[in-house]
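The values are calculated or read from the model by the stated rules, or taken from the named source; none is laboratory data. Predicted model only: the values in this text are computed from it and were never measured. Every residue, glycine as well, gets a Cβ built from its backbone with ideal geometry; the counts of neighbours run over all protein chains shown.
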């Protein structure tokens with residue numbers, strides 16, 4: 001067993017090359033844990049570094065009533081422990097010693113966190129793109145073919161776009177009532193992130209339009225060396241009537257097939273969305289939400 005040495009430092013103090021290398025070479029090093037992503041999305045972020053970057057764990061933090069606590073930033077689905085660490089239970093204990101209150105999304109390989117109380121599983125559906133489109137389509141539910149025929153009959157067309165601002169604005173407007181915890185500042189940070197990643201060829205936007213050039217459905221994907229991430233999806237009322245969203249994802253799989261990547265739907269525990277993803281033959285690869293509250297009474301009753 002390797003000796004255990006853990007230090008918590010500000011994200012800006014980490015060795016960026018070593019940090020991003022750990023993220024890049026590990027299967028569970030997802031885009032949310034890259035330095036650029038955390039640096040541009042988080043209000044403030046600390047970094048737990050094990051030994052000499054044998055393992056890392058992002059720790060986004062906020063303050064309330066003078067207390068520092070861990071929070072889950074918008075648009076960060078899974079982070080958690082990445083790399084080699086034998087003393088996983090010591091890492092969890094170290095976190096609880098440093099923070100009395102917290103929420104963390106641990107990635108799909110971090111099932112060790114289930115030894116703690118306050119851990120729940122969350123759905124995340126994926127499709128392996130390392131095959132041909134015909135093989136992917138064989139896993140569709142029969143109802144998808146009906147929806148695709150309906151969209152084709154309505155004259156749907158699949159096109160590319162580079163308008164990041166439009167995609168984010170549509171998503172923000174549509175989810176105004178559902179994402180009340182996501183601020184204008186958060187969406188500004190998202191725009192900044194996507195513009196930065198676009199310069200690295202890590203953003204892909206695809207649309208479905210009708211014969212009048214009216215937008216029916218849209219997806220903004222992020223890309224790294226392992227996955228395409230379904231970060232933003234928007235479908236207009238008219239698009240829902242024509243099943244344009246089915247047409248959108250079917251064409252995405254047709255375009256992205258034969259790549260050694262996963263298509264990551266990014267969720268969901270919402271039954272209707274879960275059923276939609278499952279219709280494409282997506283497999284569930286759950287991740288973990290750890291919530292702990294070790295604040296003394298009466299602070300224990302305070303919820304952020």
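Before moving on, here are some points about what is shown:
- Scanning segment 43-59 finds no residues that are surrounded by fewer than 21 Cβ atoms within 10 Å (Cβ to Cβ), assigned to a helix (DSSP H, G or I) and touching a residue at least 40 places away in the same chain (Cβ under 8 Å).
For (1) on the phi < 0 side of the Ramachandran plot; (2) surrounded by 13 or more Cβ atoms within 10 Å (Cβ to Cβ); (3) touching a residue at least 24 places away in the same chain (Cβ under 8 Å), each residue gets a yes or a no:
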{"residue": "124", "(1), (2), (3)": "yes, yes, yes"}
{"residue": "127", "(1), (2), (3)": "yes, yes, yes"}
{"residue": "143", "(1), (2), (3)": "yes, no, yes"}
{"residue": "151", "(1), (2), (3)": "yes, yes, yes"}
{"residue": "155", "(1), (2), (3)": "no, no, yes"}
{"residue": "160", "(1), (2), (3)": "yes, no, yes"}
{"residue": "164", "(1), (2), (3)": "yes, yes, yes"}
{"residue": "167", "(1), (2), (3)": "yes, yes, yes"}
{"residue": "174", "(1), (2), (3)": "yes, yes, yes"}
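- Scanning segment 196-212 finds no residues that are closer than 22 Å to residue 123 by Cα and either over 15 Å from the mean Cα position of the chain (by Cα) or at pLDDT below 95 (or both).
- For residue 235, the conditions (1) touching a strand residue (DSSP E or B) at 6+ places or on another chain (Cβ under 9 Å); (2) on the phi < 0 side of the Ramachandran plot; (3) surrounded by fewer than 19 Cβ atoms within 10 Å (Cβ to Cβ) all hold with the exception of (3).
- Which listed residue, of 184, 132, is at pLDDT below 95, exposed (fewer than 14 other Cβ atoms within 10 Å of the Cβ) and out of contact with any strand residue (DSSP E or B) (no Cβ under 7 Å at 6 or more places or on another chain): 184
- Counting only strands (runs of 3 or more DSSP E) that sit wholly inside segment 98-158, those with at least 3 residues that are over 29 Å from residue 215 (Cα atoms) are 101-106, 119-122.
- Boolean, residue 263 is in a helix (DSSP H, G or I) and in contact with a strand residue (DSSP E or B) (Cβ under 8 Å, 6 or more places away or on another chain): no
- When we screen 260, 275, 230 for residues that are at pLDDT 95 or above, out of contact with any helix residue (DSSP H, G or I) (no Cβ under 9 Å at 6 or more places or on another chain) and under 24 Å from residue 156 (Cβ atoms), the only hit is 275.
- Residues of segment 176-194 that are within 23 Å of residue 221 (Cβ to Cβ) and part of a helix (DSSP H, G or I): 186, 187, 188, 189, 190, 191, 192, 193, 194.
- Residue in segment 201-219 that is assigned to a helix (DSSP H, G or I) and surrounded by fewer than 18 Cβ atoms within 10 Å (Cβ to Cβ) present: no
- Qualifying residue in segment 79-89 (condition: assigned by TED's automatic domain parsing to the domain that holds residue 119, touching a residue at least 60 places away in the same chain (Cβ under 8 Å) and at positive phi): yes
- Residue in segment 64-71 that is free of Cβ contacts under 8 Å to residues at least 40 places away in the same chain and either farther than 13 Å from residue 289 by Cα or assigned to a loop (DSSP other than H, G, I, E, B) (or both) present: yes
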